[in-house]
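The values are calculated or read from the model by the stated rules, or taken from the named source; none is laboratory data. All of these numbers come straight from a predicted model, not from anything done at the bench. Accessible surface is based on the protein model in full, side chains and every heavy atom, while ligands, DNA and RNA are left aside. Shrake-Rupley method; radii C 1.70, N 1.55, O 1.52, S 1.80 Å.
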Amino acid sequence: MTRLRKSFGGPAFENQPMHLDVDQDRCIGAGMCVLTAPEVFDQNTEDGRVLLLAPTPPPPQHTSVRQAAHTCPAAAITILDR
């Protein structure tokens, strides 16, 4: 249970800075990230691949960003906690 909690945030992660990186070559355009965290991710209208709108999202968005990274079928989202 601890692992799942860390994956989606929680008290240990609330105010920690977060930096995101996306690998557009891995992205398959499923759009799960956009559905989960639309403030942070979008899709390219030409090829459907992920567009990163907020590489350093604010703490209120951390939980949805972690969920988006976890549900990405191509594992194209990398979260770098500092």
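Summary table
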| read-out | value |
| --- | --- |
| Where ILE79, ILE28 fall by accessible area, highest first, once all protein chains stay in place (1.4 Å) | ILE28, ILE79 |
| Net length gained if the chain between ASP81 and GLU46 were fully extended (0.36 nm per residue, minus Cα distance) | 9.5 nm |
| Accessible-area value, MET32, 1.4 Å probe, nucleic acids and ligands omitted, Å² | 80 Å² |
